[in-house]
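Heads up, the thing below is written out as structure tokens.
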Amino acid sequence: MTQTLPANETAEQHAAFEARIARGEKIEPGDWMPAEYRRQLIRMISQHAHSEVVGMLPEGEWITRAPSLKRKTILIAKVQDEAGHGQYLYHAAETLGITREEMLDALLSGKAKYSSIFNYPTMTWADVGMIGWLVDGAAIKNQTMLAGCSYGPYSRAMVRICSEETFHHKQGKEMIVAYAQGTPEQKQMAQDALNRWWWPALMMLGPHDADSPNTGALAKWGIKLKTNDEVRQEFINEHAPELLEAGLTIPDPDLHQDEQGNWRHGPINWDEFWAVIKGQQGLNKERLGARQQAHEDGAWVREAMQAYAARQVSQAAD
Ligand code: FAQ
């Protein structure tokens, strides 16, 4: 099948670009790149940045209710890390020519997507631990793959982010294992949290490959090095035995290990996934409301920074 190229792009440019990727070279901001490569990266990196920032909300709600000083300091550090991840990622997207304002407008107006997982509520303290173990666990599998992606700024941001996510994952696992082996009430709290988060964690890695319209282009250009289903399989293979070992029950009666050693899951409720993404189910309205409020509350900081920058320019000109 011949590919239709935009009028200002040639087959030679594409061939040279793809040869660079095949050689394992990183594409850097000033380099020539197909418009579609740029568009795909802006879409994905900005959605990723929004996910980190919205992702502060479900856990942030629990900072005032953490059960001990140790758990509170860990949680504060984790939530702050997520803000930092948002910053790296917005910067990485800015290198592609989109502005921070454009990205924030898209989030706050509800045009941009962010990860489905953050539209689920945190009902008990154990949900905080389960987010660390499962959500950060799934995010790491995906992001370790993206650390090898062809776009330099995204790949480097992923290396840094993954090292912090690893700590998030470990603290979540440590917490849930402790509760799973604690009092009957603690064990029940951990089990209930697993029942709530298992399926959403599988869904957050994206639709099945057959229903993933972006994977083809992303894989061709070395942005995605694994498909959604491959990453999901890696996630389940690591986490299913560990959860079982902790004495918890995975809420999937069809879950089993096949002859190759892969843990196979039962059918995923994709209707729920799409409803959550579209804001028809879950906390999308509340999450966007919280971000809009934070944006309004931060207006004075942005104004002060602009006034300061203007003064620096006028002083430099004097
Ligand atoms: N939620 O064609 P595909 C974290 C959309 S970070 C919402 O398969 P693609 C850290 C997708 O955008 C978590 N929408 O898409 C943390 C597309 O729509 P579009 C975020 C989703 O891009 C932990 C459509 O469905 N990580 O958790 C989702 O090839 C704890 C068709 O899908 C990233 O963003 C979803 N789950 O693959 C923070 C990593 N899945 O845009 C706080 C970077 C799919 O065409 C606390 N992103 N969609 O209108 C990726 O790796 C990819 O974008 C995927 C989706 C794998 C998420």
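Every read-out reported here was derived from the displayed coordinates using simple, explicitly stated rules and does not represent laboratory data. Note that the coordinates shown come from a computational prediction; the quantities given were computed from them, not determined experimentally. Quick reminder, even Gly has a Cβ in these numbers, built from the backbone with ideal geometry, and neighbours come from all protein chains shown.
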Can you bin every Cα-Cα distance in the range 115-226 into 10 Å intervals starting at zero and give me the percent of pairs per bin, rounded to whole numbers? 14, 37, 30, 15, 4, 0
Project the alpha carbons of the range 3-153 onto their principal axes and report the range along each, largest first, in whole Å. 61, 34, 24
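By per-residue mean of other Cβ atoms within 10 Å, what is the highest-first order of 212-221, 16-25?
212-221, 16-25
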Along the principal axes of its C-alpha atoms, what lengths does the range 92-163 span, in descending order and rounded to whole Å? 41, 32, 14
Can you tell me the length gained on complete extension of the stretch Glu259 to Glu185, counting 0.36 nm per residue apart and subtracting the Cα distance? 23.0 nm
Extension reserve of the Ala178-Glu286 stretch, reckoned as 0.36 nm per residue once the Cα distance is removed: 35.7 nm
Lys/Arg +1, Asp/Glu -1 at C-beta; the chain dipole; positive extreme among Gln80, Trp199, Val313: Val313
Between Asp192 and Asp271, what is the label-point separation in nm under the 7 Å Cα-to-beta-carbon projection? 2.7
Identify, among Ala299, Ala217, Ile21, the residue whose Cα sits farthest towards the positive end of the charge dipole of the chain, taking +1 on the Cβ of Lys and Arg and -1 on the Cβ of Asp and Glu, with the dipole about the Cα centre. Ala299
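Which value, in Å³ per residue, describes the convex hull spanned by the Cα atoms of the range 19-281? Kindly include the intermediate steps, with their values, before the conclusion.
On the way: hull volume 34.4 nm³, N = 263.
In the range 19-281, the Cα hull volume divided by residue count equals 131 Å³.
Efficiency by 1/(1 + (r/R0)^6): what FRET value for Asn214 and Gln80, r their Cβ-Cβ distance, R0 = 30 Å, to the nearest 0.05?
On the way: r = 31 Å, r/R0 = 1.03.
So the FRET efficiency works out to roughly 0.45.
Under unit Cβ charges (Lys, Arg +1; Asp, Glu -1), what dipole magnitude, rounded to 20 debye, does the chain have relative to its Cα centre?
In debye, rounded to 20, the chain gives about 500.
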